[in-house]
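Derivation of every value follows stated rules applied to the coordinates shown; laboratory data play no part. Please read all numbers here as calculations on a predicted model, not as lab measurements. Glycine gets a Cβ as well: all are built from the backbone with ideal geometry, and neighbour counts include every protein chain shown.
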Ligand SMILES: [Zn+2]
């Protein structure tokens, strides 16, 4: 018999409903798993053991009273450590927030708590979500459950690894330029970046406000739909939240892609993409065609500008968003001779290298005399990139690309070369700039490391992504690899 | 040879809006309150929080805009003004930069009867910062500073004028007019002393006849109309001295030191911040429907200029009187109400500008808190017009009314203050006085007409001031001519 930690939420729901297991059993099992593997994987910043056990008892009581429960009730999950949790330390994996305990919950946290999901803890990340390997955490790096010598990706590396290592059933991450999809690809799990405005950002510690979105990591499409059902929806606390109705996403889980028009953007297939990944990608295209989808090459001509303008817009917003960490009210304070020296010392010691690099980049891009040449121009190009997507989506239902140009790389391989690290976001950044949804799903392995496929959809067209993903899941065995956790188990 | 200089002044006025809640959260805006009690995660700028615009703020800003003839933008947005200071919890202020909600307005001022139009460049919305209390004189020289964030996020509008003012008097008149308008449209408490109305001035000099603007200084910290005028007077003198000695004015920010009566340099332009304004990605653009603006326009009360015009043209008041009465909306409404009950505008105006305003000033009472209501004042004037009481009695009654809030009838009855106009009973008293004062009668008959005043005085004394002076005069004349 397989262990409980291998199962998905919808599989566990059946056992819970039948009374074969209790939420408390489930939580205990996952706590044991965390105990066993997290020493090596390091996915967690904080494990909330006591709270989780207490919460599980509450859910078990509710189930005993036959209360109407959410499909995610009693299911253990984890949150990236940039989502505010009332009474639970929220660090963004930064030294500057080492002791920050929010007095309020992020909207997504409220929603998952209302659904009685069990928060098992907070996951490690690249500091303030800046990075693609989780090596930029101010505390420790997270390891890839497939191979402890390679990175899990980032910035939501802890969230992705926690699901891949079966420490939790699902987790939430945030995606500003690929921070959900890239680690999902590296860790062999599903990761979705929703349409901008579909999930409330209230309580998500901001990196780049116009790009950030919260989304789920799961081990199959059904779980992805279940989490989406709980966390999506309009929030009056977030002005950028879209006032739209949320459908039941499980209805989109159809094993059928007949007649679906899938675009294959040629600009994503450049020479930088690893041949093994291209091989997997081609297999996926062939599979989809075999199942009746119509796949055609399309062009998004402004794709090459996505990465450069991303590295203007995101740091610009970040330079302003991160200015509040000044040591005055909360978090780290390093005393100085006067207020200015306190600001300087606090920020110099509190932030890591990558964060400082981006604050400087962003400050420069917004400075008087440079604003028009950089920031304003970047906003104009962003509009062109959006138009590229609008145009292809007039004819196509979704797009298929690789998620990353390479599979998970070794620790230290790119950390001293920011540009090559940034290149890892090349396939994921355009969806953030355009505000459209994109999902990464596992599709085979290359030298034992997972390969990710990216599906990009129309704004609010997440249903199509689920449908394609679900169909692939039902018709190949490549979509659900499992890590062996060599040296861990 | 000395050059004559022309003064150029522009004002930047900040008015706190009197919405119930703050601009981006639901904390109360109430003045006072224990430190850091009117705060929440949003106005404290805690990580992860987001602003949501209070629609009343938008409405109040549009009200202000249409009241000073501004064009209301149909597309507007919020921007971040970035700078580090401990009273600013996000290290940026949410403000408006290149697309303010209102632009190109104007208002009319009058100095010594001379009218002038002052242009308004723009009005924009922004959030207020918190308050710091330093252990020393300045933040850098202090051991510690205490921060109170109650005021953080209180909505402000900044009203920027054109550099159209040419004297401290004009600047003051502009400021007073703006205050009056904001009070009329009920968007701000406009109390300079409490800081709900604040003003910075840009001032420069240039040789008369030239059109190029001189280098300006920005003056801050003027907390009253008087301070504004004095600071500008001082600054003109200072700049003139520098220029006359062949020096140049440094572009800088100066603060008004009320005690010493001087302006002091705070920071020069070189030290000025680059605020790195950019559109706030946490807020969506503001789209304004013309219909809504029209609705707001129609909901405005009669504004001071229109009111003044009506008082002069329809009710026959002098420009001066109409000006004084319309300076405050409360006073003007008191006037209007009283006139509907007692239709002699000039008499009402005299009473309001005379005893009423005098007593309000002496007791530091606001019109709305006064125990004298338009109904009570009209009833008093009615009594006087009927001849029931004399003008002098009316003043006595009014003073009593102001203190106790009793009606004229109650006071007249209590004090027995009824005027005697009955010719029969007054005739008897007149006869007695004539009889008792033969010397005065002789003087009168010798042509000393003044003697009649003495006789009237005696009669008033006899009647404890209740005799109707008109009737007394008439009876005296008649009886004396019959002697
Ligand atoms: Zn608040």
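In table form, for the structure just shown:
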read-out: Percent of C-alpha pairs per 10 Å bin, the range B:1-143, short to long; value: 9, 31, 29, 20, 9, 2, 0
read-out: Gyration tensor verdict on the range A:1-128 (Cα atoms; rounded if a/c is under 1.5, prolate if a/b is larger than b/c, oblate otherwise); value: oblate
read-out: Ranked B:85, B:92, criterion: other C-beta atoms within 10 Å, fewest first; value: B:85, B:92
read-out: Kirkwood-based shape ratio for the range A:368-489, expressed as Rg/Rh from alpha carbons; value: 1.06
read-out: Rg ratio (alpha-carbon, reference 2.2 N^0.38 Å) - the range A:244-304; value: 1.41
read-out: Nearest-ten-degree value, helix B:225-244 long axis tilted from longest Cα axis of chain B; value: 60 degrees
read-out: Inter-chain Cβ neighbour average for residues A:315-322, partner chain, 10 Å; value: 4
read-out: Whole-angstrom gap from the range B:254-328 to the range A:348-424, using each part's C-alpha centre; value: 43 Å
read-out: Chain A - convex hull of alpha carbons, volume per residue in Å³; value: 138 Å³
read-out: Overall form of the range A:198-300 per C-alpha gyration tensor (a/c, 1.5; a/b vs b/c); value: prolate
read-out: Viscosity 1.306 mPa s, 10 °C: Kirkwood-radius Stokes-Einstein D of the range A:183-249 over Cα pairs, µm²/s; value: 126 µm²/s
read-out: Nearest-ten-degree value, helix B:290-299 long axis tilted from longest Cα axis of chain B; value: 20 degrees
read-out: Averaged over A:323-333, number of beta-carbon atoms from partner chains that fall within 10 Å; value: 5
read-out: Between 0 and 90°, nearest 10: helix B:168-184 axis offset from chain B longest Cα axis; value: 80 degrees
read-out: Within chain A, helix-based [θ] at 222 nm, where runs of 4 or more DSSP H residues each add -39,500 (n - 2.57), nearest 500; value: -11500 deg cm²/dmol
read-out: Taking the C-alpha atoms of chain B, convex hull volume expressed per residue in Å³; value: 227 Å³
read-out: Over the range B:85-210: Rg over Rh, Cα atoms, Kirkwood Rh; value: 1.04
read-out: Relative frequency of Cα-Cα separations exceeding 20 Å in the range B:423-481, percent; value: 14 percent
read-out: Ranked B:292, B:351, criterion: other C-beta atoms within 10 Å, fewest first; value: B:292, B:351
read-out: Scattering profile of the range B:88-152 at q = 0.14, 0.27 Å⁻¹ [log10 I(q)/I(0), Debye over alpha-carbon scatterers]; value: -0.70, -1.11
read-out: Projected area, mean over directions - the range B:302-415, Cα convex hull, nm²; value: 6.6 nm²
read-out: Average beta carbon contacts from partner chains per residue of B:75-88, 10 Å cutoff; value: 3
read-out: Sorted peptide list for B:283-291, B:69-77, criterion being average Cβ within 10 angstrom, highest first; value: B:69-77, B:283-291
read-out: Where N is the number of residues in the range B:246-306, Cα Rg divided by 2.2 N^0.38 Å; value: 2.09
read-out: Where a label projected 7 Å from the Cα of residue B:344 along Cα→Cβ would reach, residues of the range B:408-439 with amide N under 17 Å; value: B:408-409, B:419-421
read-out: Ranking of A:16, B:146 by count of other Cβ atoms within 10 Å, fewest first; value: B:146, A:16
read-out: Relative packing of A:128-140, A:253-265, which averages over residues the other C-beta atoms within 10 Å, highest first; value: A:128-140, A:253-265
read-out: Efficiency of FRET from Cβ geometry, residue A:246 and residue A:420, R₀ 41 Å, rounded to 0.05; value: 0.55
read-out: Computed E for residue B:386/residue B:166 - FRET, C-beta separation, R0 51 angstrom, nearest 0.05; value: 0.50
read-out: Label-point separation in nm, residue A:261 to residue B:143, each point 7 Å along Cα→Cβ; value: 7.5 nm
read-out: Residue-averaged [θ]222 nm for chain B, counting only DSSP H segments that reach four residues, each worth -39500 (n - 2.57); value: -12000 deg cm²/dmol
read-out: The protein assembly as shown, Cα convex hull volume normalised per residue, Å³; value: 233 Å³
read-out: Rg over Rh [alpha-carbon atoms, Kirkwood Rh] for the range B:5-291; value: 0.96
